[in-house]
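Novice: One structure, pasted below without further comment.
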Amino acid sequence: MFESLNVPALYVALQPVLSLYASGYATGVVIESGDGVTHAVPLFEGCALEHAIARLEIGGRSLTDYLMKMLIDRGYSINTSGTEDSDSPWNKRESVRGIKEILCFVSQDFKKDFSNPTSYTKNYQWSENQSITIDKERFLCPESLFQPPLWGVQSPGIHELVFKSIMNCDVDIRNLLFENIVLSGGSTMFPGYVDRFKKELISLTPQNTKVNIIAPNNRQNSVWSGGSLLASSPSLQQMWVSSDEYDELGPAVVYRKCFFSYS
């Protein structure tokens with residue numbers, strides 16, 4: 001950045017820190033579920049507690065792939081190469097992502113819904129002459145966040161990972177972490193996600209533990225919002241790395257000023 005773009009100053013922040021900042025908290029657990037992976041990151045006074053970070057190898061891209069596989073299994077022809085193909089009703093996997101975002105939801109009672117999927121039948125009009133019909137795929141797709149083995153990932157569900165992450169933190173801050181659980185990223189936007197996640201997490205927590213889920217309406221953009229707030233904060237001028245500091249101290253100054261407190 002300094003050598004190639006000649007920026008006067010910069011600051012590097014972790015995404016969960018920015019999401020927490022956007023929500024107005026300094027301590028809490030951020031569930032960062034974007035396109036690639038899902039993380040549960042506990043933070044105390046703005047610092048990530050690295051020893052307690054949990055990771056789930058499922059994100060928005062995985063969910064799109066899972067839905068695409070189910071549609072293919074259902075008999076629909078989908079070109080997965082992302083290239084033009086006149087013989088296929090869809091020529092880009094982005095089409096499946098659109099179906100996911102419009103039709104999918106998180107079930108509140110998976111066993112019950114799975115036993116009667118036709119009650120959730122929906123038609124999706126792809127074009128004037130092409131449509132698809134799906135039912136159980138609508139809730140099976142995001143269910144893999146709670147039951148990763150559905151998509152072949154041998155891992156506990158996101159609710160279990162968050163619980164484990166908090167329990168790996170100091171006992172003195174656990175209640176505060178349970179009270180400030182912040183959702184961030186597009187893969188937390190499914191209808192029903194908040195209620196199902198809270199229900200599953202409460203079932204794991206000790207009795208009388210207060211569980212509070214903070215789910216901003218624009219949480220798919222929480223990282224950008226937090227970055228904007230931080231960039232406009234007067235305190236950033238004491239935090240950033242200037243080009244003069246970089247020239248004098250070298251690349252190590254970026255780690256010292258931006259990441260030392262996270263270690």
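The values are calculated or read from the model by the stated rules, or taken from the named source; none is laboratory data. This structure is a prediction, so every number in the text was calculated from the model and none was measured. Cβ sites come from the backbone with ideal geometry, for glycine too, and all protein chains shown count toward neighbours. To get the accessible areas, we keep the full protein, side chains included, count just its heavy atoms, and leave off ligands, DNA and RNA. Shrake-Rupley method; radii C 1.70, N 1.55, O 1.52, S 1.80 Å.
Novice: Given springs between every Cα pair under 10 Å in a Gaussian network model of the chain, which of Gly227, Gly46, Gly24 has the largest fluctuation?
Specialist: Of Gly227, Gly46, Gly24, the Gaussian network model singles out Gly24 as fluctuating most.
Novice: Here's a follow-up. Express in Å², to the nearest 10, the accessible area of Glu3 obtained by rolling a 1.4 Å probe over the protein heavy atoms while all chains stay in place.
Specialist: 120
Novice: May I ask you to give the solvent-accessible area per residue for the chain, in square angstrom, as obtained with a 1.4 angstrom probe?
Specialist: Normalised by residue count, the accessible surface of the chain is 52 Å².
Novice: Carbon and sulfur together cover what percent of the accessible area of the chain at a 1.4 Å probe radius?
Specialist: 50
Novice: Could you tell me the convex hull volume per residue, in Å³, taken over the Cα atoms of the range 19-70?
Specialist: So the per-residue hull volume is 71 Å³.
Novice: Do you know the relative contact order of the chain, to the nearest whole percent, from alpha carbon pairs under 8 angstrom that are 6+ apart?
Specialist: 27
Novice: Per 0.36 nm of contour for each residue apart, how much would the distance between Val194 and Glu94 grow if the chain were fully extended, relative to their Cα-Cα spacing?
Specialist: 33.5 nm
Novice: Let me ask you something else. Helix-derived [θ] at 222 nm for the chain: sum -39500 (n - 2.57) over DSSP H runs of at least 4, divide by residue count, nearest 500?
Specialist: Values: 13 runs with 103 residues, N = 263.
Computed mean residue ellipticity for the chain: -10500 deg cm²/dmol.
Novice: Let me ask something else. Calculate how large, on average over all directions, the projected area of the Cα convex hull of the chain is; give the answer in nm² to one decimal.
Specialist: Averaged projected area of the chain's Cα convex hull equals 17.6 nm².
Novice: Top to bottom by accessible area (1.4 Å), largest first, where do Phe44, Phe105, Phe197 land?
Specialist: Phe44, Phe105, Phe197
Novice: Does the range 198-263 come out rounded, prolate or oblate, given a ≥ b ≥ c as the square roots of the eigenvalues of its C-alpha gyration tensor, rounded meaning a/c under 1.5 and, failing that, prolate meaning a/b above b/c? Working shown, then result.
Specialist: On the way: a/c = 3.91, a/b = 2.22, b/c = 1.76.
In terms of gyration-tensor shape, prolate.
Novice: To continue, here is another question. To the nearest 20 debye, what charge dipole does the chain have about its Cα centre, counting +1 at the Cβ of each Lys and Arg and -1 at the Cβ of each Asp and Glu?
Specialist: Charge dipole of the chain: 880 debye, to the nearest 20.
Novice: Of Gly226, Gly34, Gly250, which has the largest mean-square fluctuation in a 10 Å C-alpha GNM of the chain?
Specialist: Gly250
Novice: Let me know the longest stretch in the chain that avoids all trypsin sites (Lys or Arg not before Pro) found in a DSSP loop with at most 13 other C-beta atoms within 10 Å.
Specialist: The reported range is 75-209.
Novice: Would you check the accessible area of Glu200, probe 1.4 Å, heavy atoms only, in square angstrom rounded to 10?
Specialist: That residue has around 40 Å² of solvent-accessible surface.
Novice: If a/c stays under 1.5 just call it rounded; otherwise compare a/b with b/c (prolate if a/b is bigger, oblate if not). Do that for the range 97-226, with a ≥ b ≥ c from the square roots of the Cα gyration tensor eigenvalues. Let's see the in-between values first.
Specialist: Details: a/c = 2.57, a/b = 1.75, b/c = 1.47.
The shape class here is prolate.
Novice: Just for the chain, what percent of DSSP beta bridges are antiparallel, to the closest 5?
Specialist: Given both bridge residues lie in the chain, the antiparallel proportion sits at roughly 70 percent.
Novice: Can you tell me how the range 1-41 classifies by the Cα gyration tensor, rounded, prolate or oblate, using a/c under 1.5 as the rounded cut?
Specialist: Here the range 1-41 falls in the oblate category.
Novice: Please arrange Tyr76, Tyr246, Tyr21, Tyr193 by accessible surface area, largest first, computed with a 1.4 Å probe and ligands excluded. Spell out each step's value before the answer.
Specialist: Numbers: Tyr76 55, Tyr246 35, Tyr21 95, Tyr193 0 Å².
The residues order as Tyr21, Tyr76, Tyr246, Tyr193, largest area first.
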